[in-house]
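One structure below.
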Amino acid sequence: MEFTLSTADLELQQRTREFIAQKIIPLESDPRHGAHGPDESLRQELIELAREAGLLTPHASVEMGGLGLSHRQKAIVFEEAGYSRLGPTAMNIHAPDEGNIHLMEMIASEEHKERWLRPQVQGKIRSCFAMTEPAPGAGADPSMLQTTAVRDGDDFVINGRKWYITGAYGATYVIIMAKLEDGSATMFLSDMNQPGIELVRHMDAMDNCFTGGHAVIDFKDLRVPASQVLGELGRGFRYAQVRLAPARLTHCMRWLGQARRAHDVATEYARTREAFGRVLGKHEGVGFMLADNDMDLQTSRLHVWHTAWVLDQGEAGNFESSRAKVVCSEAQWRVVDRCVQILGGQGVTGETPVMRIFMDMRSFRIYDGPSEVHRWSLARKILSAAGAV
């Protein structure tokens with residue numbers, strides 16, 4: 001592996017860092033950012049700023065209008081974007097759109113790409129990904145999928161309830177995971193304004209960094225033409241891995257930026273705030289926390305870079321992305337938790353961005369597979385490789 005950044009990569013990193021610092025961070029207190037994320041007018045303003053800076057949707061292919069970044073280049077840019085909670089929204093690399101853009105580029109037909117993907121890359125529309133269901137449906141165990149798709153002539157009729165669907169409010173189209181009559185899973189594409197799609201309610205959540213928040217959606221006799229099957233029938237779970245392996249990693253990249261932001265705020269506070277006759281950072285209890293932060297940040301970065309390198313070699317990277325998801329989500333959480341402790345009262349109030357980072361980041365250990373599920377999956381693969389029965 002090569003960890004040295006090229007001149008071009010360093011320039012892109014610096015350009016992104018300056019863009020976030022000069023254009024995006026000043027908008028973090030904008031009142032248009034509410035309990036369910038930035039509203040559409042704020043999102044459009046942010047999108048235009050990124051477009052002007054030449055940093056809009058950088059992970060998309062050049063053919064689609066992006067910069068065609070490698071996974072390693074994404075690791076550089078996404079960390080810088082993540083330094084502000086609005087950065088991923090501005091650059092059109094936020095969840096779930098970032099993962100959906102990757103999936104559509106890999107799987108969708110040319111017709112689907114022109115209809116939905118190209119305007120999405122341009123920042124004109126958003127999407128959502130409807131897979132998670134309330135009990136007894138699919139959650140950490142996708143095989144428990146309850147939403148059904150029954151063939152009726154040239155259409156499929158979809159019924160089921162999805163929940164914790166990020167970005168559903170305001171999305172133009174949805175990717176729906178449903179099971180066919182033979183029990184196999186398939187992905188379907190539908191415009192969100194179709195009869196048969198009901199946005200039931202917003203779900204109140206600890207985080208509010210995702211545009212559109214999280215929603216409960218009902219599909220009631222939704223008719224989807226067979227021409228809007230995404231990819232091939234029965235390959236939904238395989239396509240989910242195409243989407244999830246890179247998506248787990250890009251979460252690690254973005255949250256690394258937020259953890260670094262929290263650490264920078266806490267370091268400045270520890271450098272200047274005095275208690276018991278000296279600045280906080282000179283007390284071992286605080287200094288050691290800063291040292292532990294540095295180690296956790298570097299551990300996260302190394303896992304991100306290694307997994308990005310694996311993906312850039314054309315490998316599936318499922319094992320590596322699972323491992324990175326656990327290591328990064330837990331290490332970055334420790335960083336932010338220590339920062340709250342260092343800041344004391346300022347850490348649990350809105351006086352600094354750290355409280356908000358703390359609240360936004362907690363769910364990272366749950367979505368795209370809880371840490372426990374990834375550990376279980378990793379253990380199975382380790383035992384299999386060792387020849388265990």
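Each reported figure results from applying straightforward, stated rules to the coordinates on display, with no laboratory input. Owing to the predicted nature of the structure, the values given are computational and were not obtained by experimental measurement. No Cβ is skipped: glycine too gets one built from the backbone with ideal geometry, and neighbour counts run over all protein chains shown.
Within the stretch 244-312, report the chymotrypsin sites (Phe, Trp or Tyr not before Pro) that DSSP leaves as loop and that have at most 12 other Cβ atoms within 10 Å.
Phe276
Angle between the Cα long axis of helix 318-343 and the longest principal axis of the chain, 0 to 90 degrees, nearest 10?
Helix 318-343 sits at roughly 40 degrees to that axis.
Would you look at the GNM of the chain, springs on alpha carbons closer than 10 Å, and say which of Gln120, Gln228, Gln258 moves the most?
Gln228
Please identify which residues in the stretch 114-132 have an amide N closer than 14 Å to a label point set 7 Å out from the Cα of Thr172, following the Cα→Cβ vector.
Answer for the stretch 114-132: 114-128.
With angles folded into 0 to 90 degrees, how steeply does helix 371-385 sit against the dominant principal axis of the chain? Use alpha carbons for both and round to 10.
Value to nearest ten degrees: 80.
Along the charge dipole of the chain, which of Leu311, Thr172, Ser384 sits closest to the positive end, that is, farthest toward it, with unit charges on the beta carbon of Lys, Arg, Asp and Glu (+1, +1, -1, -1)?
Comparing the listed Cα positions along the dipole, Ser384 ranks first.
Picking from Thr272, Thr211, Thr186, which is most flexible by a Gaussian network model of the chain using Cα springs under 10 Å?
Highest fluctuation among the options: Thr272.
Please give me the summed charge of the neighbours of Met192: other residues whose Cβ is under 15 Å from its Cβ, Lys and Arg +1, Asp and Glu -1.
Working: positive: Arg115, Lys124, Arg126, Lys162, Lys220, Arg223; negative: Glu40, Asp97, Asp191, Glu198, Asp218.
Net charge around Met192: +1.
Rounded to the nearest 20 Debye, what is the dipole magnitude of the chain about its Cα centre when Lys and Arg each give +1 and Asp and Glu each give -1 at the C-beta?
700
Could you tell me the center-to-center distance, by alpha carbons, between the stretch 249-326 and the stretch 108-171 in angstrom?
With the stretch 249-326 and the stretch 108-171 each reduced to a Cα centre, they are spaced 33 Å.
Which FRET efficiency value, to the nearest 0.05, is calculated for Ala226 and Ala386 with the Förster distance at 51 angstrom and r the Cβ-Cβ distance?
On the way: r = 44 Å, r/R0 = 0.87.
Efficiency at R0 = 51 Å is approximately 0.70.
Picking from Ala168, Ala185, Ala21, which is most flexible by a Gaussian network model of the chain using Cα springs under 10 Å?
Ala21
At 0.36 nm per residue, and after removing the present C-alpha to C-alpha distance, how many nm does the segment from Glu351 to Leu10 gain when stretched out fully?
Fully extending the segment from Glu351 to Leu10 adds 119.5 nm.
Which label belongs to the value computed from this structure, given these candidates for Rg and Dmax of the Cα atoms in Å: (1) 21.1, 66; (2) 21.2, 79; (3) 22.8, 82?
(2)
Could you pull out which residues in the stretch 160-191 have an amide N less than 18 Å from a spot 7 Å beyond the Cα of Met106, following the Cα-Cβ vector?
The answer is 175-178, 185-189.
Please identify the cysteines of the chain that lack any partner cysteine with a Cβ under 4.7 Å from their own Cβ.
Cys128, Cys209, Cys339
Around Asn92, under 12 Å between beta carbons, what's the net of Lys plus Arg minus Asp minus Glu among the other residues?
Numbers: positive: Arg43, Arg51, Lys124, Arg126; negative: Glu48, Asp97, Glu98.
Value of the local net charge: +1.
Could you give the length gained on full extension between Asp312 and Ala21, defined as 0.36 nm per residue of separation minus the Cα-Cα distance, in nm?
Taking 0.36 nm per residue and subtracting the Cα distance, the gain is 101.9 nm.
Can you work out the FRET efficiency for the pair Arg201 and Val150, with r the C-beta to C-beta distance and R0 = 25 Å, to the nearest 0.05?
That gives a FRET efficiency of 0.40.
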